[in-house]
Every structure is written in structure tokens, then in C-alpha cells.
């Protein structure tokens, strides 16, 4: 029997919406801000339940971040929500100065990340946001894998003190983390233990890694799958323990190879444990219009690409 299976697909943004509502019921200091995308971020239920704690700022993302930072001074826990492109690229200065530098307890909720935004095209499909956020001192960066984990992550960051960037998406993806270890910020999750290659994945690519593991098993390759839901702080201990056992690495993410999960792990390994490493990511390209499935295939973010990368990494072992 497979350890990880799914019976439904659900968008991760709904996990955020449900988690935000639950967090607000637990803590009256939780407030929500949105830049004219309440429905898209599934913040409707929160707005309906707690209208006095919801602030619709309109298409004014920079102002939203400033307002969120100000609210923390009074003890509030603001969740500022918009598309990932607008949540980072458009307001980087405000995040850097008012949130990260000032170490304010702001939660940046970034939906519609990556190329799986789909038909809206390159102008809305940010693939650089993880890099932008992980470079900022004081910023925690979380990329959950499915609806359940996004909900758990939202609840966790409501209790965590400090700036957080939470990245999630629009398309319906498999809900499979029922049997996953408890979500903890900064603690990687072992999905499948293996001995031949370590596959580190985040976001939508975790399920693709699980599919790849099954294909590799049919080829006699025992792959270890680890969900790195927290890109920063990176669980260095989990990474190094896995790599010491397998001797080669594949990273998988819906993001540019520059600045993302693969870059983070490569930095760690180059300093502490030089190891053959292959990346499944987007390589120095912008997105384009298309369905999520079409784009995942075109940009090489499928389970078959992870399989190819694993075989290549194993071949580079000394």
C-alpha cells in the first residue's frame, strides 16, 4: 500500500483562507489586509466573520505593507494578501525597510505564485520571489506542498513572532499530506526514506517527487524524498544527514534555479559536503501564457524530469 495517496485535488490558496479563519477564531489580534483580491486569496470567509478586522486597501500594495507594519506596533498580527508578483516585486522596498529591517510581525500571504498561475502570463508569474525574500535578514520563507499543509502553515505562522513570507498557488493539486509528520517551521519532513539519491522538493513539486520516487523504484533506485517546506531557515541537519547517506542530490521547485531551494541547498553543500547536485527548476526564463499543466511540462517541472535528474545525479557519484 502506498504511504502517500490522494482522493481529491484542492487549491493551496483555500488552505490559506481556511487557516486564516481558524487562526482568527483562536486569536483576536489576527487581522487581514488585501489588495483588491479578496476572492482570489480566499479571504472571503474571514472578511464575513470578522469585518472589523479586515482592511481592503485596494490596488495599493505598498500602502498595504506599510499599514501592516504599523498594525504590529499595536500588537496586531497582520496577514497581508495579494498575488506573489505584487507581494514581492512591486513592494520590495517597503518589505525591506518597514518589515524585515524593522523586524515587524507581518505575515505576507502570497498567492498565485510560479508558472501555475497559468493563462495570466509572464507579467503575473513571478519565479524570483523566493530568492527575493530569502535574501532579507529576519525573513522566514515557507512554501507548503498542498491544501492541508498550507492550512497548517498559516496556523503556525500566526503563532510565530517575526516576518514571514508564505507562498501558495491557484491550481487544484493533490491533497496527500494526511500522513505527513506534524508541520513545524524550519523542520523538514521525511516523505520516503531511501539510500540512492536525495530528492529535496517544495510546493507543488513535492507530489511530483513522490510520483518520481515510484518510477525510480521500478528501475531499482531507492530515492529519499524530503519536503523542504521551510526554505529559510533551512533544515541543514536534515539535508546533511540525508546527503551523507545517499551521496547525490536532486532539488525540485517551481521557481528560478537562481535564488531558490536548489541554490540554498547548493550553498550549504558547497561549504560543508560537496556533492553531485541536479536542479529541476526554471532556468533563467520568464513564464508565458498557458494552462498550468502545459507550462509545467514545457518548463521541465514534471515527475519525469525529476527521474532524469536523479539518474544523472547518481551517475555523477564517484
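A few comments on the model shown:
- Residue check, residue 110 at pLDDT 95 or above, part of a helix (DSSP H, G or I) and in contact with a helix residue (DSSP H, G or I) (Cβ under 7 Å, 6 or more places away or on another chain): no
Let's see how each residue does on (1) part of a helix (DSSP H, G or I); (2) assigned by TED's automatic domain parsing to the domain that holds residue 297; (3) surrounded by fewer than 24 Cβ atoms within 10 Å (Cβ to Cβ):
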{"site": "200", "(1), (2), (3)": "no, yes, no"}
{"site": "208", "(1), (2), (3)": "yes, yes, no"}
{"site": "214", "(1), (2), (3)": "yes, yes, yes"}
{"site": "225", "(1), (2), (3)": "no, yes, no"}
{"site": "241", "(1), (2), (3)": "yes, yes, yes"}
{"site": "245", "(1), (2), (3)": "yes, yes, yes"}
{"site": "253", "(1), (2), (3)": "no, yes, no"}
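- Residue 179 meets each of the listed conditions (1) outside the structural domain of residue 296 (by TED's automatic domain parsing); (2) surrounded by 24 or more Cβ atoms within 10 Å (Cβ to Cβ) apart from (2).
- Selection of region 148-172 for residues being surrounded by 24 or more Cβ atoms within 10 Å (Cβ to Cβ) and either under 11 Å from the mean Cα position of the chain (by Cα) or more than 21 Å from residue 31 (Cα to Cα) (or both) yields 149, 150, 153, 165, 166, 167, 168, 169.
- Flag if residue 58 is assigned to a strand (DSSP E or B) and either assigned by TED's automatic domain parsing to the domain that holds residue 96 or out of contact with any helix residue (DSSP H, G or I) (no Cβ under 9 Å at 6 or more places or on another chain) (or both): no
- Exactly one residue out of 126, 185 is touching a residue at least 24 places away in the same chain (Cβ under 8 Å) and surrounded by 24 or more Cβ atoms within 10 Å (Cβ to Cβ): that is 126.
The values are calculated or read from the model by the stated rules, or taken from the named source; none is laboratory data. Nothing here was measured: the structure is a model prediction, and the numbers come from that model. When we count neighbours, we look across all protein chains shown, and the Cβ atoms used for this are built from the backbone with ideal geometry, even at glycine.
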